[in-house]
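Beneath this line is the structure, given in structure tokens, with notes to follow.
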Amino acid sequence: MWYWLFRGVFLIILKIFFRFKVEGLENLPQKTNFIIVANHVSFMDPLVVGAAIPKKIYWITYWGLFRISVLRLFFHLTACIPSGHSSNKASELLFQNKNVGMFPEGAISRKGELLDFKRGSAMLAMKTGRPVVPCAVLGTFRALPFGRKFPRFVRIKVKVGQPRYFLKEFDSIIDDVDMQEGLIKIRNSIKEMLNAG
């Protein structure tokens with residue numbers, strides 16, 4: 001209940017003050033749950049992507065933020081997963097047909113450029129067989145870059161890309177080459193959508 005309440009409030013705020021727009025919702029898988037991945041340039045990003053996607057997302061969130069009491073309560077109400085040892089919990093949720101969200105850069109990009117991706121998203125996709133849905137978030141770096149206290153009211157857009165599948169053979173070992181190839185495909189999908197604007 002709390003997740004949908006917060007999502008509704010954020011969606012209204014984004015539409016009124018940030019002329020919020022979402023493109024590509026037709027790309028969301030209809031017959032399976034999925035892993036959402038997006039670029040990360042602002043603290044607004046999980047709120048923005050969560051408002052864009054009309055399905056509940058269990059976000060993997062930096063564990064250090066759980067130390068802040070107000071944020072910890074918010075994360076608890078919205079079912080966020082602390083990072084660190086999140087792989088097993090995320091896999092469990094995916095096998096329960098729930099959707100998991102993550103930012104594969106692992107941190108906010110302080111200059112707004114797309115950083116290298118960590119291997120977690122590709123490994124999770126290969127372990128569970130769930131598709132990865134790449135999302136490009138545009139405008140949040142101008143609105144609220146790292147270190148800025150109050151947002152600028154600029155246009156924000158989320159572009160949802162085609163799902164990517166990274167299936168492995170039964171009982172085969174996931175190696176670093178497989179994961180690197182998967183990461184490159186995911187990152188390139190997001191980069192292309194960012195460059196297209």
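Restricting the search to segment 143-153, which residues are touching a Ser or Thr at 6+ places or on another chain (Cβ under 9 Å) and more than 30 Å from Asn33 (Cβ to Cβ)?
Here is the first cut: in segment 143-153, the ones touching a Ser or Thr at 6+ places or on another chain (Cβ under 9 Å) are 143-146, 148, 151.
Matches in segment 143-153: Pro145, Phe146, Arg148, Pro151.
Every residue in segment 24-73 that is surrounded by 15 or more Cβ atoms within 10 Å (Cβ to Cβ) and among the acidic types (Asp, Glu), please.
Selection gives Asp45 alone.
I'd like the full set of residues that are part of a loop (DSSP other than H, G, I, E, B) and touching a helix residue (DSSP H, G or I) at 6+ places or on another chain (Cβ under 9 Å), limited to segment 2-30.
The answer is Phe18, Phe20, Gly24.
Specify which of the listed residues (Gly139, Gly197, Gly129, Gly182) is out of contact with any Asp or Glu (no Cβ under 8 Å at 6 or more places or on another chain), over 21 Å from Gly24 (Cβ atoms) and of a type in the set (Gly, Ala, Ser). Outline the logic, then answer.
On the way: Gly139 fails: over 21 Å from Gly24 (Cβ atoms); Gly197 fails: over 21 Å from Gly24 (Cβ atoms); Gly182 fails: over 21 Å from Gly24 (Cβ atoms).
Selected residue: Gly129, the only one of Gly139, Gly197, Gly129, Gly182 that is out of contact with any Asp or Glu (no Cβ under 8 Å at 6 or more places or on another chain), over 21 Å from Gly24 (Cβ atoms) and of a type in the set (Gly, Ala, Ser).
Residue by residue through segment 152-194, note down the ones that are farther than 19 Å from Pro131 by Cβ, at pLDDT below 95 and of a type outside the set (A, V, I, L, M, F, W, C).
Asp171, Asp175, Asp176
From Ile60, Ile53, Ile36, grab the single residue that is under 18 Å from Phe10 (Cα atoms) and hydrophobic (A, V, I, L, M, F, W, C). Steps first, please.
On the way: Ile60 fails: under 18 Å from Phe10 (Cα atoms); Ile36 fails: under 18 Å from Phe10 (Cα atoms).
Residue meeting the stated conditions: Ile53.
Checking the conditions here, which among Lys15, Lys55 is in contact with a Leu (Cβ under 8 Å, 6 or more places away or on another chain), more than 24 Å from Phe117 (Cα to Cα) and modelled with pLDDT of 90 or more? Please lay out each step first, then the result.
Working: Lys15 fails: in contact with a Leu (Cβ under 8 Å, 6 or more places away or on another chain).
Step by step, each of Lys15, Lys55 is checked, and only Lys55 is in contact with a Leu (Cβ under 8 Å, 6 or more places away or on another chain), more than 24 Å from Phe117 (Cα to Cα) and modelled with pLDDT of 90 or more.
Out of segment 113-133, which residues are under 16 Å from Gly101 (Cβ atoms) and of a type in the set (Lys, Arg)?
Lys118, Arg130 - these are the residues of segment 113-133 that are under 16 Å from Gly101 (Cβ atoms) and of a type in the set (Lys, Arg).
I need a count of the residues in segment 98-118 that are touching a Pro at 6+ places or on another chain (Cβ under 8 Å) and charged (D, E, K, R).
So the answer is 2.
The values are calculated or read from the model by the stated rules, or taken from the named source; none is laboratory data. All of these numbers come straight from a predicted model, not from anything done at the bench. Methodologically, a virtual Cβ is constructed for each residue, glycine included, from the backbone with ideal geometry; neighbour enumeration extends over all protein chains shown.
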